[in-house]
1. Among the residues of the stretch 654-705 satisfying the criterion of being part of a loop (DSSP other than H, G, I, E, B) and aliphatic (A, V, I, L, M), which is surrounded by the fewest Cβ atoms within 10 Å (Cβ to Cβ)?
2. Among the residues that make up the stretch 791-803, is at least one of them in a helix (DSSP H, G or I), surrounded by fewer than 20 Cβ atoms within 10 Å (Cβ to Cβ), in contact with a Lys or Arg (Cβ under 7 Å, 6 or more places away or on another chain) and in contact (Cβ under 8 Å) with a residue 40 or more places away in the chain?
3. Where the second residue is part of a helix (DSSP H, G or I) and the first is closer than 14 Å to E12 by Cα and lies in the stretch 637-649, which pairs have Cβ atoms under 6 Å and are six or more apart or on separate chains?
4. For the structure I just gave you, tell me whether P465 is more than 16 Å from ligand 1 (Cβ to nearest atom), more than 26 Å from W159 (Cα to Cα) and either assigned to a helix (DSSP H, G or I) or in contact (Cβ under 8 Å) with a residue 12 or more places away in the chain (or both).
5. Got at least one residue in the stretch 478-501 being away from ligand 1 (no atom under 16 Å from the Cβ), among the small types (G, A, S) and under 20 Å from R152 (Cβ atoms)?
6. Of all residues in the stretch 205-245, how many are away from ligand 1 (no atom under 14 Å from the Cβ), within 24 Å of L555 (Cα to Cα) and among the hydrophobic types (A, V, I, L, M, F, W, C)?
7. Here are the criteria: (1) touching a helix residue (DSSP H, G or I) at 6+ places or on another chain (Cβ under 8 Å); (2) surrounded by fewer than 20 Cβ atoms within 10 Å (Cβ to Cβ); (3) more than 23 Å from F83 (Cβ to Cβ). Tell me which single one G546 does not satisfy.
8. With L732, L775 as the choices, which residue is within 23 Å of Y36 (Cβ to Cβ), in contact with a strand residue (DSSP E or B) (Cβ under 8 Å, 6 or more places away or on another chain) and of a type in the set (A, V, I, L, M, F, W, C)?
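The values are calculated or read from the model by the stated rules, or taken from the named source; none is laboratory data. All figures in this text were calculated on a predicted structure; none of them were measured in a lab. Cβ atoms come from the backbone with ideal geometry, glycine included; neighbour counts cover every protein chain shown.
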Amino acid sequence: MNSDRYNAREAEARWQKTWDERAIFKTANDDPRPKYYVLEMFPYPSGRIHMGHVRNYTMGDVVARYKRARGFKVLHPMGWDAFGMPAENAAMERKVHPKAWTYANIASMKKQLQSMGLSLDWSREVATCDPAYYKHQQRMFLDFLKSGLVERKQSKVNWDPVDMTVLANEQVIDGRGWRSGALVEQKELTQWFFKISDYAEELLTALDTLDRWPEKVRLMQKNWIGRSEGLLVRFALDAATTPGGENEIEIFTTRPDTLFGAKFVAIAPDHPLARAAAAKNQKLAEFIEECKRRGTAQAEIDTAEKLGFDTGIRAVHPFDDKWELPVYVANFILMDYGTGAIFGCPAHDERDLEFANKYKLGNTPVVLPPGQDPKTFVITDTPYLEDGTMINSRFLDGMTIAQAKEDVAKRLESTSRGNRPVGQRQVNFRLRDWGISRQRYWGCPIPIIHCEACGVVPVPVKDLPVELPEDVTFDRPGNPLDRHPTWKNVACPQCGKPARRETDTMDTFVDSSWYFARFTDPWITTAPTDRKAVDEWLPVDQYIGGIEHAILHLLYSRFFTRAMKKTGHAGIDEPFAGLFTQGMVVHETYAKESGEWVTPAEVTIEGAEGGARTAKLTTTGEPIKIGGIEKMSKSKKNTIDPDDIMATYGADVARWFMLSDSPPERDVEWTERGVQGAWRFTNRLWRLVGEAAGIAAQAPAQRPESFSEPAAAIRKAAHGALAKVTDAVEKLHFNVCVAHIYEFANALGSAVANTKVTPDFAWAVREAAGILVQLFHPMMPHLAEECWAALGHKTLVADEAWPKLEPELLVENTITLPVQINGKKRADVTVPRDAQSPEIEAAVLALDAVQRVLEGKRPKKVIVVPQRIVNVVA
Ligand code: ANZ
Ligand code: ZN
């Protein structure tokens, strides 16, 4: 018999040690079994794991343990996304070296992860800040450069004035730096870019092949890539009105159908024509300056008041020589999209209408909504954006938008001016090239040397890695590599003259764009990947992580994998065949009257869940306001420390609760009541298995020939649960698994308590208890090992094959047939599935409905169609 309480603390450490000693989670690349690669997004070593990690890694671990039991060789590695700003901030604030800070954090987080009992192959651990890792990244940078996938160009960049670094567009959120929260400015810098835009079309179309990705994520990527089909149109300019005799301007439009609704042309403040005009117009020059001052981030441009300046230049309508349009410089036109110039159709575009109303340019509707009268239809403050019929548009009148677009494109393509067509179809993408230069210390050095004579010179491969110098200071903001006295001064690899190292480091998103490939053979020193290993293991079969990485990380990784293919470092295009994005862990918030947040650990709650509840500060009794349920965050202090939970209840309880309460893609609310429920359940399982073990000890070695009613019922429940849990794990419906396990445990519990033990029953209990333990093993592996041992097994449950389903047990063993009397359905009869005709006939004649009709007489005939129907002729 098991003792009443399950001692999780003691048992968990003991089983972790056993797993470790027997190295059962180590994966050999040459194992001949079919492969399964499950990966959770690797953590940033911030110092401590949080509940989000617990949830994420538990899910991955369930999959890994389940797939292992199904006979796969499972790759389930872990590593550290170890470069980045927080290490430098710590260096500035606490005078600790970024490297020391990072490795100390890795050490403590690794311990925490190990205490969760995750079935990870730690022999493959990588840290992106390790020169043994980033050396290969530098190598790939050079290979990409050779293959034309890297470019150095002057560009306007998002500048974070607090972190003093460049940010990718994706890192600018609502006009602010994603990390610092500072308002982002625009700055011209020479930067290194990965040419992700070369793959825009492919990254878009290949989304259709990712059928095991959430639809939501595919849509987000699609919108981010932002493909639009449009037309480039060369508008003639009235040369008498242009500053230097310019005679045309090219615009980009996705709505050529609205050309007859045009009221103006607008160009970006930094458009060459705007600059030329400004050189001769002081007022315009001032306006452009003003735009630059205001218009920094994209988000601001979108929401800011539309401002324009009439340059006096006049453009000629492409379908009418006598129709002139004013050319404005406008703050909402971006230079780096399309051509930096547009024609405005106020009736059918929000921004154009706001602009036209402000500058009194009027509007002419050219698309008529269905059911409207063209004579009375007017636009005032709201543009019409939907489909309709063309009006006020000469030869386009009566067409649909699609027909009109096609007609305009055809006409302008076949009209030429100066030997070139006036119109040209063009596909545009919103996706920009990926700027990877960061003016930071704690990142992967870009392996480039700048020589006055030779220009940009790649570091020879034999000189890699370009290692970060360790003797740096953080007493000032900016990049310490820039002010390092010696590191940046080197001899040019080409001419030998004094030259200067590139001091920018790579965006940390580069580090995480290929770690999944490195895990397939992290030992190889001569190349980033071993081609055999990487091609065999990739794609990752199941990737699990947060929705916050739906765009950036996943898109970059998809690009990087293609770039690795192009440069011979991998053989596939798509890195992640299956993607799952888990929901967040949320918790109630608590605050003092003053508004100051307090942690759940500091408050005592009174009153029942669901009823009126009050809270007070445990130490002083001060009243506390119970606030909304929100994502656990340090700022709101509504966090629970996984270490506290594991110390109090054990890792299995934390894991179980994370999986139990809501579907994995939704948010889960962490509650004290929930954790205690999970804890009680572990103890119940422990006692139940103990009782079952006592009965199982009386079981015969041989499987009994037949099973009595209670034994058969238990077997049916066990195999039913096995079928349902298997199906649910396959679908990652972990909460459904949990529900079935509860149900099965209840059934087994009452059978064990209420049945007289016979040999066949004992045998069935032994089988059922074994299945139960194997079913909860992926979720609660330590308790499962303890229970497995209690059942008398000498093996590890983590090593066991998944139980074999006996599908016959799931087949309902009765069948219900309709009963007709003289051709009319009068009743149903339920008989054993294998019942023969005489048995069925007897059952039918015993039915009330049949006896009423027969009134004691014998039927003329009874026709039994086996498995189908019974006909009684009275
Ligand atoms: C005329 C027009 C009429 C437009 C109409 C829209 C509605 P997407 O779909 O994102 O590609 N545009 C083009 N280049 C621009 C730039 N550099 N800065 C700001 N706006 C620009 O958007 C394409 C549409 O955005 C284009 O179609 C153009 O306005 C505008 F009823 O042309 B449209
Ligand atoms: Zn040189």
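1. Restricting attention to the stretch 654-705, the residues satisfying the condition of being part of a loop (DSSP other than H, G, I, E, B) are 661-667, 670-671, 697-705.
Those still in the list that are aliphatic (A, V, I, L, M) too: 697, 699, 701.
Details: A697: 11, A699: 19, A701: 5.
Filtering the stretch 654-705 for residues that are part of a loop (DSSP other than H, G, I, E, B) and aliphatic (A, V, I, L, M), the one surrounded by the fewest Cβ atoms within 10 Å (Cβ to Cβ) comes out as A701.
2. Start the filter on the stretch 791-803 by keeping residues that are in a helix (DSSP H, G or I), which leaves 797-799.
Still in the running and surrounded by fewer than 20 Cβ atoms within 10 Å (Cβ to Cβ): 799.
If we keep only those that are in contact with a Lys or Arg (Cβ under 7 Å, 6 or more places away or on another chain) as well, we get none.
No, every residue in the stretch 791-803 fails to be in a helix (DSSP H, G or I), surrounded by fewer than 20 Cβ atoms within 10 Å (Cβ to Cβ), in contact with a Lys or Arg (Cβ under 7 Å, 6 or more places away or on another chain) and in contact (Cβ under 8 Å) with a residue 40 or more places away in the chain.
3. Matching pairs, first to second residue: I645/A654; M646/S115; M646/A654; Y649/W679.
4. Values: more than 16 Å from ligand 1 (Cβ to nearest atom): yes; more than 26 Å from W159 (Cα to Cα): yes; either assigned to a helix (DSSP H, G or I) or in contact (Cβ under 8 Å) with a residue 12 or more places away in the chain (or both): yes.
Against the criterion (more than 16 Å from ligand 1 (Cβ to nearest atom), more than 26 Å from W159 (Cα to Cα) and either assigned to a helix (DSSP H, G or I) or in contact (Cβ under 8 Å) with a residue 12 or more places away in the chain (or both)), P465 qualifies.
5. Looking only at the stretch 478-501, we keep the residues that are away from ligand 1 (no atom under 16 Å from the Cβ), and these are 478-501.
Filter once more, so that each one left must be among the small types (G, A, S): 478, 491, 496, 499.
Subsequent filtering for residues that are under 20 Å from R152 (Cβ atoms) retains 499.
So far as the stretch 478-501 goes, yes, one or more of its residues are away from ligand 1 (no atom under 16 Å from the Cβ), among the small types (G, A, S) and under 20 Å from R152 (Cβ atoms).
6. Within the stretch 205-245, residues that are away from ligand 1 (no atom under 14 Å from the Cβ), within 24 Å of L555 (Cα to Cα) and among the hydrophobic types (A, V, I, L, M, F, W, C) number 7.
7. The failed condition is (3).
8. Working: L775 fails: in contact with a strand residue (DSSP E or B) (Cβ under 8 Å, 6 or more places away or on another chain).
The unique qualifying residue is L732.
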